[in-house]
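The values are calculated or read from the model by the stated rules, or taken from the named source; none is laboratory data. Computed from a predicted model, the values in this text were never measured in an experiment. When we count neighbours, we look across all protein chains shown, and the Cβ atoms used for this are built from the backbone with ideal geometry, even at glycine.
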Amino acid sequence: MKLFRIALMSVIAFGLIFSFAFAAGEAEKGKALFNDAKFAGGVKACSSCHPNGKGLEKSGDKKEFNIMGQTQKSLEEAINACIVNASKGKAIDVKSSQMKEMVAYIKSLKAKKPAAGY
C-alpha cells in the first residue's frame, strides 16, 4: 500500500511539473506571436501598442472588454478585435493553438512586476 501511495504521488508530481512546463512553453510562443507584425496577416505587432505587454497586466482576469467602442465577452474576442482593428489582420480561430498561446502569454503578464520607469 505504501508503494502504491509513493507511485501515485510521483505520477501526480510529474504531471504538475509537466503541465507548468507546457504552460510556460505556450506563453513563450504567445510572446513571439505578440511581437510578430505579420501575425494573422496583420501590419503591426501587438507590442506596437503594448510594449512588453504594458497595459494588459489585468487582462487575464477580466471577463469583459471594451475596445474601440465595442464590447467583447472574452479575452479571445478581445484579442481578435485587436488583430482585426488595430493590426488590420484576420481573426484567428478561438480554439486554435495560436489563440491558446496568445492567451497564455497575456495571462502570464499578471505575474510580472512592472519594470522600473513604468
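Between ALA7, ALA23, ALA27, ALA91, which is assigned to a helix (DSSP H, G or I), modelled with pLDDT of 90 or more and among the small types (Gly, Ala, Ser)?
Numbers: ALA7 fails: modelled with pLDDT of 90 or more; ALA23 fails: modelled with pLDDT of 90 or more; ALA91 fails: assigned to a helix (DSSP H, G or I).
Unique residue meeting the criteria: ALA27.
Taking first residues from the stretch 38-62 that are in contact (Cβ under 8 Å) with a residue 40 or more places away in the chain and assigned to a helix (DSSP H, G or I) and partners that are among the aromatic types (Phe, Trp, Tyr) and surrounded by 13 or more Cβ atoms within 10 Å (Cβ to Cβ), the Cβ contacts under 8 Å between residues at least 6 apart in sequence or on separate chains come to CYS46/PHE34; CYS46/PHE39; GLY53/PHE34; GLY53/TYR105; SER59/PHE65.
Within the stretch 63-86, the presence of a residue that is modelled with pLDDT of 90 or more, surrounded by 15 or more Cβ atoms within 10 Å (Cβ to Cβ) and hydroxyl-bearing (Ser, Thr, Tyr) is excluded.
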